[in-house]
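The numbers here are math on the coordinates, done by the rules we state, and not lab data. Here the structure is a predicted model, which is why all the values come from computation and not from measurement. Here the Cβ positions follow ideal geometry from the backbone for every residue, glycine too, while neighbour counts run over all protein chains shown.
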Amino acid sequence: MKTTKEQKMVTVQTRIDAPLDLVWKLWTTPDDIRNWNNASEDWHTPRAENDLRTGGKFNYRMEAVKGTEGFDFTGVYDNVIPRERIEYTLGDGRKVSVLFSKSNGRTKIIENFEPEQINPVEMQHEGWQSILDNFKRYAEVKSALSNPPHITHQITPCLWFDHQAEEAANFYVSVFKNSRIARKSYYTREGFDIHGMKEGTVLTVDFQINGQPFTALNGGPAFSFNESFSLQVFCDTQQEIDYYWTRLTGDGGQESQCGWLKDRYGVSWQIVPSILPKLISDPSRAERVMKVLMQMKKLDIEKLKQA
């Protein structure tokens, strides 16, 4: 198929969920070009050189992965306006322009190129668009990795109970000040053959302790708590330690070693003096503190300080 200079430019374009500064960097940096400059998995760019300035040259070596064919994609930059426009002339004399712009928080790229005279214009359009689409995917992954999503809510521990979720949540709220039940949800008929819970049974109870959210879940007897997960309560005074130790071990709870205990539901807690991290991180006394601590069940602040 022959073309003439009067033939219209071919246009491909895309919008990318990534900031303009990052898109520009990924488009122009050789290490990145090697990663995105291919129209399909059958091709790759093993080498890229890029002198990004007006009058500068570029050379991208594009090859079939199986090594059966390849070519150099070369050109000279006619005009470079950072984060706005790139214009260049290819080795065979054809003109190309690449326009960058912000668009509703995204980046828009428009490429205009003169088609060559051998392959159908439709095929060339498809090839250039495929490379651009590959760049879009690459840039959006890079953007996501460099800008992890902001967590709008705190991380919420979910505690799996057999059937005592509501009872346990009410108990914890009674133990700790500044605590409350936030909301409840209930099982419906849907999924009964899987969960076996009667319709109307409490499914979850969302509650807060000093602003920290928790979820108590009635999940059945499949899982139980063990010491691999525990909740730490840091206490400034011995009075606080005594209070939490007594409340949480009461009515069926169990004392353990080194400030650990299990409450009546099997949840493990650590009732810890606020000063303990400082004591055990002091090289001059850490060994003595640990020796005293290992002999205790409920921790004694004064004895730890005196170690």
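Quick notes on this one:
- Fewest-first ranking of Leu90, Leu26, using other Cβ atoms within 10 Å as the exposure measure: Leu90, Leu26
- Calculated FRET efficiency for the pair Ala286/Leu145, C-beta based, R₀ 25 Å, to 0.05: 0.05
- Summarising the overall dimensions of the range 86-229 from its C-alpha atoms, the Rg and Dmax are 28.6, 81 angstrom.
- Lysine pairs with alpha-carbon atoms under 28 Å apart, the range 140-289, spacing 8 or more or separate chains: 5
- A straight chain from Ala307 to Val76 at 0.36 nm per residue would run longer than the Cα-Cα distance by 75.7 nm.
- The distance separating the Cα centre of the range 63-138 from that of the range 11-55 comes to 9 Å.
- Cut-off 12 Å between beta-carbons: net charge of the residues surrounding Asp263, Lys and Arg +1, Asp and Glu -1: 0
- Sequence-distant residues sharing a close amide H with Leu203 (under 5 Å, placed H): Ser185, Tyr186, Tyr187
- Length gained on full extension, Ala39 to Glu87: 15.2 nm, using 0.36 nm per residue less the C-alpha separation.
- Computing Rg and the Kirkwood Rh from the Cα coordinates of the range 10-146 gives a ratio, Rg/Rh, of 0.94.
- As a calculated quantity, the FRET efficiency between Phe229 and Thr201 at R0 = 35 Å, using C-beta atoms, amounts to about 0.90.
- Spin-label proximity, Asn119 to the range 18-42 - amide N less than 14 Å from point 7 Å beyond Cα toward beta carbon: 38-42
- Under 14 Å, Cβ to Cβ, from Phe176 - net charge with Lys/Arg +1 and Asp/Glu -1: +1
- Compactness ratio for the chain: Cα radius of gyration over 2.2 N^0.38 Å (N = residue count) comes to 1.68.
- Length-normalised contact order for the range 155-224 - Cα pairs under 8 Å, 6+ apart - percent: 47
- Gained length - His163 relative to Ala222, 0.36 nm times residue gap less alpha-carbon distance: 20.1 nm
- Net charge in the neighbourhood of Gly200 (other residues with Cβ under 12 Å of its Cβ; Lys, Arg +1, Asp, Glu -1) is +2.
- Each Cα pair under 8 Å and six or more residues apart adds its sequence gap; the mean of these over the residue count of the chain is a relative contact order of 13 percent.
- Take the convex hull of the alpha carbons in the range 226-307; its mean projected area over all directions comes to 5.0 nm².
- Separation of the Ser103 and Arg47 label points, Cα + 7 Å toward Cβ, nm: 3.5
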